[in-house]
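Reading through the structure tokens given below for one structure.
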Amino acid sequence: MSEEAIEACSLLTDKKQYRYVILGFSDDKTSIVVKNIGERDAPFSQLLNDVPKDHVRYIIYDCEYKTTSGQDRQKVFLASWSSDDYAPIKEKMMVPTSVSAVTNCVKKIAKKFTINNWDDLAEENFINIVSENRTK
């Protein structure tokens, strides 16, 4: 993890400064670096614009939602994005070993999961995963 990536994750999890941080591999594939940051008021559509279909990304997202009983909740999750159809094979092969570096850096996450289908990159899907269908 680059120092910039560690700092960005800390600003999201500890200071609630960002809505999301998107990490990816450096050009030489030797480290994990910040690719995009969403400001606190960034809409989910901006996150989708910042995630490429053809590269692996790690999305740390501060998710706000209401439970089915009407309670406000806020949880941070880590989603690994790796398209089954478009991500380079070398990047896909790096995910199992590199995701642990991201997980170790971002300790305050409620859930960690993988998304491989573009249609699953949806705000409602993220909320359902992190909240167990808005029950928690």
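Only the coordinates and a few stated rules stand behind these numbers; no lab work does. All figures in this text were calculated on a predicted structure; none of them were measured in a lab. Quick reminder, even Gly has a Cβ in these numbers, built from the backbone with ideal geometry, and neighbours come from all protein chains shown.
Scanning segment 88-110 for residues being basic (Lys, Arg) and in contact with a helix residue (DSSP H, G or I) (Cβ under 6 Å, 6 or more places away or on another chain) gives a total of 1.
Checking every residue in segment 67-75 against the condition of being under 23 Å from Asn117 (Cβ atoms) and touching a residue at least 24 places away in the same chain (Cβ under 8 Å) gives at least one match. Kindly evaluate Glu39 against the criterion of being without any contact (Cβ under 8 Å) to a residue 24 or more places away in the chain and at positive phi. No: the conditions fail for Glu39.
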